[in-house]
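Laboratory data are not the source of any read-out in this text; all were calculated from the coordinates shown. Computed from a predicted structure; not experimentally measured. For neighbour counting, all protein chains shown are included, and Cβ atoms are generated from backbone atoms with ideal geometry for every residue, glycine included.
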Amino acid sequence: MKPTKKIPLSYLKNPIHFLALGFGSGLSPKAPGTLGTVAVIPVYLLLSQLPLAYYIGLVVALSLLGIAICDYTSSKLEGHDHPAIVFDEFAGYLITMIAAPVSVFTVVAGFILFRLFDILKPWPISWFDKKVAGGLGIMLDDIVAGCISLLLLQLLIANEWVL
């Protein structure tokens with residue numbers, strides 16, 4: 001069962017919590033993961049202007065940093081993977097969008113694919129979600145969901161189903 005500790009707005013004053021809570025998008029009482037994914041779209045659009053190698057390097061760095069960020073905020077909220085922690089959605093969506101040409105269609109297709117895998121958690125995503133604890137566990141299921149979504153999005157792009 002997900003923890004339900006109410007998070008005071010003062011948490012957003014702490015830069016680590018601000019990131020973990022997706023710039024505040026994770027504080028939404030309904031669908032915080034979905035809103036967290038929406039909140040990272042402008043970040044993706046900005047980062048997509050970088051050369052691919054820099055984009056990938058930054059996504060890897062953010063994913064690794066996310067382990068510490070999510071672990072820290074999770075420990076302060078006294079529960080594993082509080083729904084308000086959405087930095088993992090940031091990483092998962094940014095992974096999904098690696099090498100995707102920027103268009104409305106790819107942004108939406110990547111969003112739908114990532115949210116589908118993040119919500120449904122088919123194997124192996126569910127295994128990581130249940131078996132890995134701490135900041136690594138919070139991040140890892142979304143990283144795996146992002147990798148699967150990346151592969152499927154690239155398949156759609158390669159077959160010109162999404163442009």
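Quick one: net charge of residue 144's neighbours, Cβ under 14 Å, K/R +1, D/E -1?
Working: positive: 121, 130, 131; negative: 88, 89, 118, 129, 141, 142.
Spelling it out: positives minus negatives among the neighbours equals -3.
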Give me the angle, in degrees from 0 to 90, between the Cα long axis of helix 87-96 and the longest principal axis of the Cα atoms of the chain, rounded to the nearest 10. 10 degrees
Expressed as an acute angle from 0 to 90° and rounded to the nearest 10, what is the orientation of the C-alpha long axis of helix 134-158 relative to the principal long axis of the chain? 20 degrees
Convex hull volume per residue in cubic angstrom - Cα atoms of the stretch 61-110: 73 Å³
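If eta is 0.890 mPa s and T is 25 °C, what Stokes-Einstein diffusion coefficient results for the stretch 29-158, Kirkwood Rh from Cα pairs, in µm²/s?
Values: Rh = 14.5 Å.
Stokes-Einstein gives a translational diffusion coefficient of 169 µm²/s.
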